[in-house]
């Protein structure tokens, strides 16, 4: 196992956590919980997740009911990427 493998695994894990955090934040906002947009932690979570979600959202539009499937697709891609990295 090379030195790069644990670093890539950590980056993938951080991205997954950011995506899950972004989903939870969006659910809280939909439930009208006051999650301030200017909060530095919220900004970091959303900006980190958007690095991966924005390109996916360009190809998979939100459904008519407002459902966004891009986090599911992103997590699936990250799981596949993690499996490939662990084979190195």
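All of the numbers you see were taken from the coordinates with simple rules; none came from a lab. Quantities reported herein were computed from a predicted structural model and do not represent experimental measurements. With ideal geometry, Cβ positions are generated from the backbone for all residues, glycine too; neighbour counts draw on all protein chains shown.
Relative to the longest principal axis of the chain, what angle (0 to 90°, nearest 10) does the C-alpha long axis of helix 70-86 take?
Once rounded, the angle reads 10 degrees.
Quote to one decimal, in nm, the extra length available between residue 33 and residue 75 on full extension: 0.36 nm per residue of separation minus the C-alpha distance between them. Write down the numbers at each step before the final one.
Numbers: separation 42, 0.36 × 42 = 15.12 nm, distance 2.53 nm.
Taking 0.36 nm per residue and subtracting the Cα distance, the gain is 12.6 nm.
Using only the alpha-carbon atoms, how far is helix 4-30 inclined from the longest principal axis of the chain? Give it as 0 to 90 degrees, nearest 10.
10 degrees
Please work out the FRET efficiency for the pair residue 24 and residue 62, using the Cβ-Cβ distance as r and a Förster radius of 22 Å; give the result to the nearest 0.05.
0.80
Using helices alone, I'd like the mean residue ellipticity at 222 nm for the chain: each DSSP H run of four-plus residues gives -39500 (n - 2.57), total over residue count, nearest 500.
Computed mean residue ellipticity for the chain: -25500 deg cm²/dmol.
Between residue 13 and residue 85, with labels modelled 7 Å along Cα→Cβ, what's the label distance in nm to one decimal, could you check?
Result: 1.0 nm between the two label points.
Can you pull the Rg over Rh of the chain, Cα-only, Kirkwood?
Values: Rg = 14.7 Å, Rh = 14.2 Å.
Taking Rg over the Kirkwood Rh, I get 1.04.
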